[in-house]
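Student: Here's a structure for you.
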Amino acid sequence: MKLISWNIDSLNAALTSDSARALLSRATLKTVADLKPDVLAIQETKLSAKGPTKKHEEVLGEYFPGYQIVWVSSVEPARKGYAGTMFLYKEEHQPQVTFPKIESPTTMDHEGRMITLEFDHCFVTQVYTPNASDGLKRLADRQIWDQKYAAYLSKLDQIKPVLATGDFNVAHTEIDLANPKSNTRSPGFTIEERDGFTNLLNAGFTDTFRHLHGNVTGAYTWWAQRSRTSKINNTGWRIDYWLVSNRVADQVRVSEMIDSGERQDHTPILMEIDL
């Protein structure tokens, strides 16, 4: 299986805008489409509760002919046009689709953060993990989320192997971001969030990028848009992951970032696995 994950930061903007950033987004989408993944996971769609419009579906159909689309959006009492996730998968696959709720705090279960596909031999699940937010005002809730999410993956893992991906909103170790010392209390690099990710791995999961590439440095998946030079200077963070159940880790053949050129923010990540 060839699988790709990408936090697109607004599907509507990527598909319908003519801004310079949208053009870069569509160029990246073309790069992804040319790889013909079996499954594409997309986070932060920011779609309405009604999901993709006919225009969105038409454009996606042009890039990904022969794919099925499933999605979940943020709904009340959560904010509108917030978060949201989507899967595209080749029509020859016929997974069972679920939209998990993990009894998370506040409105997190209503923010469209998770979709799971069940195939014959594995689960493929994606997540857009809640950000701890400015001032770490959501950190306590985020810690509960991490615990609930780890329990959910563990439950799946008891049934069949799990391939889990998405924007986990955490740089796990100091080599997963360019400036660890100045970010020790920044959202995404607090001890609490890093411990939450460690606990997730300890529950029986492997970070496939580190499994294949070891302690390589300078490998990131996100560069801040607020800094014009973040990508030029590679002052990034690795916060997007492909995780797999430990028992299939050695079946992973590829786990790497896809070059998104000049586009800042998230870059897509690719995994290939023999199952």
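The values are calculated or read from the model by the stated rules, or taken from the named source; none is laboratory data. Everything quoted here is computed from the prediction, not taken from an experiment. Note: ideal-geometry Cβ built from the backbone for every residue, glycine included; neighbour counts use all protein chains shown.
Student: Could you tell me which numbered condition VAL72 fails, if it satisfies all but one of (1) surrounded by fewer than 20 Cβ atoms within 10 Å (Cβ to Cβ); (2) touching a residue at least 24 places away in the same chain (Cβ under 8 Å)?
Tutor: So VAL72 meets the others, but not (1).
Student: A further question on this structure: Of the conditions (1) closer than 18 Å to THR125 by Cα; (2) free of Cβ contacts under 8 Å to residues at least 40 places away in the same chain; (3) of a type in the set (Asp, Glu), ASP240 fails just one. Which one is it?
Tutor: Here ASP240 meets the rest and fails (2).
Student: Could you tell me whether any residue of region 209-226 is within 17 Å of LEU40 (Cα to Cα), surrounded by 20 or more Cβ atoms within 10 Å (Cβ to Cβ) and either modelled with pLDDT of 95 or more or of a type in the set (D, E, K, R) (or both)? It would help to see each step written out before you state the result.
Tutor: Let us first name the residues in region 209-226 that are within 17 Å of LEU40 (Cα to Cα), namely 221.
So of that shortlist, the ones also surrounded by 20 or more Cβ atoms within 10 Å (Cβ to Cβ) come out as 221.
With either modelled with pLDDT of 95 or more or of a type in the set (D, E, K, R) (or both) added as a condition, the list becomes 221.
Yes, that holds for at least one residue.
Student: Also: For TRP237, work out the one condition from (1) at pLDDT 95 or above; (2) under 24 Å from ALA33 (Cβ atoms); (3) of a type outside the set (Lys, Arg); (4) touching a helix residue (DSSP H, G or I) at 6+ places or on another chain (Cβ under 9 Å) it doesn't fulfil.
Tutor: Result: TRP237 passes all but (2).
Student: Would it be correct to say that ASP265 is touching a residue at least 60 places away in the same chain (Cβ under 8 Å), acidic (Asp, Glu), in contact with a His (Cβ under 8 Å, 6 or more places away or on another chain) and buried (at least 17 other Cβ atoms within 10 Å of the Cβ)? Before you say what the answer is, go through the steps one by one.
Tutor: Working: touching a residue at least 60 places away in the same chain (Cβ under 8 Å): yes; acidic (Asp, Glu): yes; in contact with a His (Cβ under 8 Å, 6 or more places away or on another chain): no; buried (at least 17 other Cβ atoms within 10 Å of the Cβ): yes.
In short, no.
Student: Give me a count of the residues in region 83-138 that are surrounded by fewer than 19 Cβ atoms within 10 Å (Cβ to Cβ) and touching a Gly at 6+ places or on another chain (Cβ under 9 Å).
Tutor: Counting residues in region 83-138 that are surrounded by fewer than 19 Cβ atoms within 10 Å (Cβ to Cβ) and touching a Gly at 6+ places or on another chain (Cβ under 9 Å) gives 5.
Student: Let me ask something else. For region 1-83, which fully contained strands (runs of 3 or more DSSP E) count at least 2 residues that are of a type outside the set (A, V, I, L, M) and at pLDDT below 95?
Tutor: none
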